[in-house]
Amino acid sequence: MERQTNELLFLMLLAILAASSTLIYWFDGRGKRKSSHSPDPIPFWRRWTLRASDPSRCDCCQAEAVDNAIAQPLPAVEAWSSRESKRGRKKVVESAGHFCPNPDCNYHQNPDSNIHALASNGRHGQQAIRQWVCQACGTYVSERHDTAMSNLKKPLEDVSWTLDMLNRGTSQADTAAHHRHDPRTIRSWLKRAAAQAMRVHDAYFQNLMLGNLQLDELVGDVKGAASHKFIWTALDAVTKIVPVWHIGPRRLQDAQIVVHQLKQRLAPDCIPIFTSDQLRSYFTALTSHFGEFRQEWGRRKLVWRVSPKLLYAQLVKIRSGRRLKFAITLPIFGTRGQIRDALQALGLSGRIQTAFVERANLTLRQLIAALHRRTWSLPWSTSTFNYRLTWFFAFYHFCRPHQTLARSEINGVYFTTCTPAIAAGLTDHVWSLDEILLWRPKLVST
């Protein structure tokens with residue numbers, strides 16, 4: 001009798017394992033991909049004990065709810081062309097994009113050439129920099145005003161060449177010694193270039209339509225810091241752009257910051273397919289931002305529900321020391337078949353992976369001296385590290401052609417050399433560093 005009972009229990013256990021078995025892809029120690037029909041080694045009760053979170057868990061969302069400041073449009077003023085005399089020489093040089101910096105002028109910060117009163121006042125200095133004059137208030141302004149080159153006496157070629165070396169894996173000290181500049185000068189130029197690069201990203205990285213976002217963290221060090229710093233990145237597997245990056249510890253608050261910034265750059269109706277490692281903070285951050293409040297029957301208050309369009313999966317890596325033993329793909333939102341079909345619809349292989357963002361992290365280690373293995377070129381502070389990353393990503397997105405995007409067709413146009421910004425439809429040509437340093441926001445009608 002006891003033997004029959006044991007056999008019955010054994011058969012019931014086999015039935016339960018067969019019903020819950022999933023196709024798991026794993027890798028052996030040599031990196032060879034294998035597959036087997038075996039039960040998931042991670043029990044369901046150990047996967048996600050936390051419930052889906054709402055925006056109250058995000059400090060950035062709470063700060064936005066308090067600060068509801070809306071940018072006021074430029075006041076309507078009469079065009080200067082209708083006020084000035086019709087006599088005299090006609091305007092020849094186009095002044096669109098430039099504006100009067102005088103706050104007491106009626107045309108202050110108005111870049112419309114059909115409205116403002118700017119006129120060319122010739123070129124000045126050894127570099128022949130054009131100068132503008134406001135005919136309404138008499139204020140003189142350089143064409144480099146409100147750019148990274150504002151009030152700099154160094155030639156543009158020297159500044160761009162020096163900053164370009166920082167994106168080739170050279171440290172700031174070696175760059176300063178090679179160009180015979182003071183290291184403080186290099187840091188000052190880098191701070192200017194980073195502020196300009198952030199303005200370019202804020203202007204172009206809006207209403208993005210992305211397909212598959214792979215999330216990962218890259219460890220780094222800051223001189224004098226008590227602990228490691230992590231570079232949080234999110235890379236689109238199709239266009240290879242990195243819409244957000246963040247430097248900080250590996251905590252839930254940092255994951256909330258990354259996902260919050262990402263939500264701001266995406267289009268309102270865009271919910272990409274997310275893949276990441278086994279960090280649980282991503283689950284809380286994604287459920288806090290991709291959803292909506294609903295009125296359900298029997299409840300007085302609105303209830304936060306995660307969007308049914310959200311597809312999210314994790315690649316769980318099982319290690320033995322520092323060696324990868326095998327990897328498990330774990331769907332969190334959506335089934336394995338839904339995620340596979342959605343990835344294949346984007347032209348990808350359909351596997352749940354983070355290979356593209358890990359390859360981008362290797363590019364960061366190769367082209368940024370502060371991220372090299374066993375390096376002495378550590379940044380002095382987190383802000384300096386952030387300047388370095390911001391300037392690199394501007395170079396990566398707009399100036400550096402991507403090899404996997406070469407000979408691609410975007411919107412009916414064939415590109416032999418293609419940058420991530422071109423692949424995302426943000427620009428139509430490969431930028432130079434001079435264009436980034438002299439970039440000015442385009443005219444926006446109000």
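The values are calculated or read from the model by the stated rules, or taken from the named source; none is laboratory data. Keep in mind the model is a prediction, meaning the values are calculated, not measured. Here Cβ is always computed from backbone atoms with ideal geometry, including for glycine, and neighbour counts include all displayed protein chains. The accessibility values were calculated without ligands, DNA or RNA, using every heavy atom of the protein model including side chains. Shrake-Rupley method; radii C 1.70, N 1.55, O 1.52, S 1.80 Å.
The figures follow:
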read-out: Percent breakdown of C-alpha pair distances by 5 Å bin, ordered from the shortest bin, for region 153-269; value: 2, 9, 15, 17, 17, 16, 13, 8, 3, 0, 0
read-out: Gyration tensor verdict on region 312-446 (Cα atoms; rounded if a/c is under 1.5, prolate if a/b is larger than b/c, oblate otherwise); value: oblate
read-out: Accessible surface of Arg319 - all protein chains present, 1.4 Å probe, nearest 10 Å²; value: 130
read-out: Net lengthening on full extension, Asp341/Thr185 (0.36 nm per residue, minus Cα-Cα); value: 50.9 nm
read-out: Karplus (6.51, -1.76, 1.60) ³J(HN,Hα), θ = phi - 60°, over region 182-198, in Hz, Gly and Pro reported as x; value: 6, x, 5, 5, 4, 5, 5, 5, 5, 5, 5, 5, 5, 5, 5, 5, 5
read-out: Alpha carbon convex hull of region 57-167, projected area averaged over orientations, nm²; value: 11.4
read-out: Partner aspartates and glutamates for Lys263 [C-alpha distance under 15 Å; skip if fewer than 8 residues away on the same chain]; value: Asp54, Asp59, Glu64, Asp202, Asp236, Asp254, Glu292
read-out: Convex hull volume of region 257-341 per residue (C-alpha atoms, cubic angstrom); value: 144
read-out: Eligible lysines near Lys191 by straight Cα distance, threshold 16 Å, same-chain separation 8 or greater; value: Lys154
read-out: For Pro401, net neighbour charge (Lys/Arg +1, Asp/Glu -1) across residues whose Cβ lies under 12 Å away; value: +3
